[in-house]
Amino acid sequence: PNAVRYLSEAIRQPHDRWVPRQLYICQELNHEYEKALAGWQDYKERFPESSTTANVVPRFIDRNTGMIFERRWKDAADKAKAAKTPEEADAAVKEAADWRDRASKTWKNLGNDPFGAARLARMEAMDLRDAGRFHEAIARLDQARYAAVATFWDEGSDMIIELKQQAGLPLSVSEQKAVMRRTEGERCAGCPDCEGESAAKSAPPAAEAPAAAPAPEAAPAPVPTPDTEQPKTT
C-alpha cells in the first residue's frame, strides 16, 4: 500500500517510463487488478512504439484480466452457495462456470508463462478438491508452487494448508509454524495490550546496574598483650 501511494504521487511529477510500470505492478500485488489493468491499457495507448508495449504489456494485461475473471468466478460461486431458491442457485452456477471458462482461456493465452501455468494448476486443484481427491490436489499445488516460486509460492502453500485441514491430514512442521504465526498475527492485530506485550518481548534486556562495592570492614580491636598498658580502675 505504501508503494502504491508513493508511486501514485510520483507519476504526477516529471518521471521516467518505468515509474508508471512499477505502479501497475504494485497495484497487481495489492490485488487492485482493475486499476492495474486500466494502467497497462493506458500505457499501451500512450507508447505504442515501445518495445515494452510489444513484449511485456500484453502479458500483464492478460494477468490482471485473468485475476479479475477469477475474482468474479469466486463471487458467483459464493452467490450460488448463498442462494435462497433453486432458480437463483442455477443462475449463479452458470455465471460462475462462465467466469471460470474466461479465466481458463486467459491463462492458456499466456502460453508457457509460469504465472499462467500456476493459475491453471490452481484451478485443477480446486476441481480435485471438489471431487474429494485431496491428495492429488495437494500434489498438484506442490508441483505448481515450485514451478512458479516468485508468483505462487505463498498462495500455493496457504492452499495446501487449507486442504490438509479440510481433509484432516497432518501438517508438516513448517506448516504448523505458519498456522501459529497467522493465528498470532490475527490475535494481536490492532490490540494495544498484545502489541505492547510483543514489543516488550522483542525489546533487548535492560542492562543490570553494577553491584555496589562492599563497605570496608572495621579494623579489629587491638588484643592486649603483657607489654600493653592496661587502663587503671578506681
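Do any helices (runs of 4 or more DSSP H) lying entirely in segment 11-118 carry at least 3 residues that are touching a strand residue (DSSP E or B) at 6+ places or on another chain (Cβ under 7 Å) and closer than 26 Å to Trp153 by Cβ, and which ones are they?
none
For segment 127-177, which residues satisfy the criterion of being out of contact with any Asp or Glu (no Cβ under 8 Å at 6 or more places or on another chain), of a type in the set (Gly, Ala, Ser) and within 24 Å of Leu29 (Cα to Cα)?
Ala144, Ala147, Ala148, Ala150
Table: residues versus (1) closer than 23 Å to Lys108 by Cα; (2) exposed (fewer than 12 other Cβ atoms within 10 Å of the Cβ); (3) touching a residue at least 40 places away in the same chain (Cβ under 8 Å).
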residue: Arg5; (1), (2), (3): no, yes, no
residue: His15; (1), (2), (3): no, no, no
residue: His31; (1), (2), (3): yes, yes, no
residue: Gly39; (1), (2), (3): yes, no, no
residue: Pro58; (1), (2), (3): yes, no, no
residue: Thr65; (1), (2), (3): yes, no, yes
residue: Ala76; (1), (2), (3): yes, no, no
residue: Lys81; (1), (2), (3): no, yes, no
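Only one of (1) within 23 Å of Glu70 (Cα to Cα); (2) more than 24 Å from the chain's Cα centre (by Cα); (3) β-branched (Val, Ile, Thr) is not met by Thr52, so which one is it?
Among (1) within 23 Å of Glu70 (Cα to Cα); (2) more than 24 Å from the chain's Cα centre (by Cα); (3) β-branched (Val, Ile, Thr), Thr52 violates only (1).
May I ask you to verify whether Ala131 is under 24 Å from Trp107 (Cα atoms), surrounded by fewer than 12 Cβ atoms within 10 Å (Cβ to Cβ) and of a type in the set (A, V, I, L, M)?
Criteria met by Ala131.
Looking only at segment 147-158, count how many residues are within 17 Å of the chain's Cα centre (by Cα), surrounded by fewer than 22 Cβ atoms within 10 Å (Cβ to Cβ) and assigned to a helix (DSSP H, G or I).
Within segment 147-158, residues that are within 17 Å of the chain's Cα centre (by Cα), surrounded by fewer than 22 Cβ atoms within 10 Å (Cβ to Cβ) and assigned to a helix (DSSP H, G or I) number 8.
Of a type outside the set (Asp, Glu), surrounded by fewer than 16 Cβ atoms within 10 Å (Cβ to Cβ), modelled with pLDDT of 95 or more and more than 23 Å from the chain's Cα centre (by Cα): does that describe Ala96?
Answer is no for this residue.
Among the residues that make up segment 96-110, is at least one of them aliphatic (A, V, I, L, M), closer than 22 Å to Leu141 by Cβ and in contact with an Asp or Glu (Cβ under 6 Å, 6 or more places away or on another chain)?
Among the residues of segment 96-110, at least one is aliphatic (A, V, I, L, M), closer than 22 Å to Leu141 by Cβ and in contact with an Asp or Glu (Cβ under 6 Å, 6 or more places away or on another chain), which makes the answer yes.
Taking the condition of a type in the set (Asp, Glu) and within 22 Å of Phe134 (Cβ to Cβ), does Glu155 pass?
Here the answer is yes, as Glu155 does meet what is asked.
The values are calculated or read from the model by the stated rules, or taken from the named source; none is laboratory data. Quick caveat: nothing in here was measured; it's all calculated off a predicted structure. Don't worry about glycine lacking a Cβ; one is built from the backbone with ideal geometry, like all the others, and counts go over all protein chains shown.
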